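One structure is given here, and the rest of the page talks about it.
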Amino acid sequence: MNRPSSMVLTSALIFAPAIVSAHTHKEVMGTVKAIDSSRIELMTKNGKLLSIPLVKSTMFMRGKKMVGSDQVQPGLRVVVVLAEDDKTAETVKLGPALKQK
């Protein structure tokens, strides 16, 4: 193998893992308008209403603690991390709990 070819191959092997792991999941921020077992509806900051499908593997997190979907209520601010398909919710990150009136 000549020197330029070996340099290209070496570079490709070094940087390939970084390129593969560079896929970042999209996040959607908003206020919960509604939630049921199959979807969560969010109102985004710019006033757009989004309906994001939930799946059995969707996790609900408050900080580093996993919580149940029953903790998600209308009016709560959340960040939804989309799965690799960029359509379904992988994780729903909850904001601080709503204060009781």
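Here, each number is a calculation from the coordinates, and none is a lab measurement. Fair warning: this is a prediction, and the values are worked out from it, not measured in the lab. Virtual Cβ from ideal backbone geometry, glycine too; neighbours counted across all protein chains shown.
In this label model, R62 and A34 are separated by 2.5 nm, measuring between points 7 Å along each Cα→Cβ vector. Taking amide H as placed 1.01 Å from N in the peptide plane, the amide H of M59 sits under 5 Å from that of T91, V92, each at least 5 places away or on another chain. Here the extension length gained between M43 and S69 equals 7.6 nm, from 0.36 nm per residue of separation less the Cα-Cα distance.
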